[in-house]
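Have a look at the structure below before the remarks.
The values are calculated or read from the model by the stated rules, or taken from the named source; none is laboratory data. Remember, it's a predicted structure, so these values are computed and weren't measured experimentally. No Cβ is skipped: glycine too gets one built from the backbone with ideal geometry, and neighbour counts run over all protein chains shown. Ligands, DNA and RNA are excluded from the accessible area calculation, which covers all protein heavy atoms including side chains. Shrake-Rupley method; radii C 1.70, N 1.55, O 1.52, S 1.80 Å.
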Amino acid sequence: MVRQNSRLLVVCGPSGSGKSTLLRKLFDEYPDKFGFSVSHTTRSPRRFEVDGQHYHFNTKDQMQAAIDRGEFLEHAIFSNNMYGTSLKAVQDVQKSGKICVLDIDMQGVIQIKKVANLKPVGVFVKPPSIGELEIRLRRRNSESEDNLRARLNVAQQEINYG
Ligand SMILES: Nc1ncnc2c1ncn2[C@@H]1O[C@H](COP(=O)(O)OP(=O)(O)OP(=O)(O)O)[C@@H](O)[C@H]1O
């Protein structure tokens with residue numbers, strides 16, 4: 001079970017909005033207060049990403065099997081890849097006594113909000129504009145053109161939701 005009265009901080013916002021940068025600063029500044037819930041994903045690791053630290057990198061079959069076994073608190077398809085938060089990821093942080101921080105998309109937030117008694121605190125990171133988001137994503141140079149377009153489409157929906 002995920003502890004119900006432990007604090008959970010859910011950070012959401014479009015890809016490229018700066019969530020990861022903000023979270024890095026938060027963890028650097030308050031290493032004893034906040035712990036990151038390491039998500040699972042089927043997307044390929046980027047340069048410098050470490051398995052088990054930034055994400056647990058899995059195949060689609062592995063991840064689907066774990067979802068079917070009921071091991072996930074929420075899961076989502078984002079830009080043709082699966083992402084999800086395992087119960088274990090949250091429990092590991094809770095065991096350390098820290099506030100558990102989730103960096104998830106809108107689909108994940110909707111599911112987390114439905115988990116009874118979890119009462120997460122939500123933060124939405126809004127980019128200045130879609131145009132600025134496009135500039136940032138291009139500068140980051142981490143996506144193919146198709147992927148970048150897909151991310152910008154989802155971004156508009158997330159901005160409307162946030
Ligand atoms: N467990 C999860 N459930 C749902 N969405 C998730 C989960 N883990 C990550 N995501 C979301 O998937 C999206 C893509 O993440 P990814 O790491 O591929 O791209 P990113 O652009 O580096 O993300 P970020 O905006 O955090 O820098 C992000 O919006 C992220 O918050």
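What is the sum of charges, Lys and Arg at +1 and Asp and Glu at -1, for the other residues whose Cβ falls under 14 Å from the Cβ of residue 54? Net charge in that neighbourhood comes out at +2.
With axes computed from alpha carbons, what is the tilt in degrees of helix 19-29 against the longest principal axis of the chain, rounded to the nearest 10 within 0 to 90? On a 0 to 90 degree scale, this one is about 50.
Once you sort the root eigenvalues of the Cα gyration tensor of the range 32-122 as a ≥ b ≥ c, which label holds: rounded (a/c under 1.5), prolate (a/b larger than b/c) or oblate (the other case)? Oblate, since a/c reaches 1.5 and b/c is not below a/b. DSSP finds beta bridges in the chain, and of those with both partners inside it, around 35 percent are antiparallel. The charge dipole of the chain, taken about its Cα centre with unit charges on the Cβ of Lys, Arg, Asp and Glu (plus for the first two, minus for the last two), comes to roughly 360 debye. Using a Gaussian network model of the chain in which every pair of alpha carbons under 10 angstrom is joined by a spring, one finds that among 55, 83, 30 the greatest mean-square fluctuation is at 30.
Provide, for the chain, the number of lysine pairs with alpha carbons under 15 Å apart, each pair being eight or more places apart or on different chains.
5
Think of a 1.4 Å ball rolled over the protein heavy atoms: the range 87-162 then has 58 Å² of accessible area per residue.
Binning all Cα-Cα separations of the chain at 5 Å, short to long from zero, yields these whole-percent fractions: 1, 9, 17, 22, 22, 17, 9, 3, 0.
With both labels modelled 7 Å from their Cα along Cα-to-Cβ, the residue 25 to residue 54 distance reads 2.0 nm. Between residue 69 and residue 44, residue separation times 0.36 nm minus the direct Cα-Cα distance comes to 6.7 nm.
Electrostatic bookkeeping for residue 37 treats Lys and Arg as +1 and Asp and Glu as -1; over the other residues with beta carbon under 9 Å from its beta carbon, the sum is -2.
Just the protein heavy atoms count here, and of the accessible area of the range 12-99 at 1.4 Å, carbon and sulfur take up 51 percent. Sorting 6-18, 147-159 by average packing, meaning the other beta carbons within 10 Å per residue, from highest down gives 6-18, 147-159. Give me the distance in nm between label points sitting 7 Å out from Cα along the Cα-to-Cβ direction at residue 99 and residue 117, one decimal. The answer from the label model is 2.2 nm.
Between residue 138 and residue 110, what FRET efficiency follows from the Cβ-Cβ distance if R0 is 30 Å, with the result rounded to 0.05? Working from the Cβ atoms, E equals 0.55.
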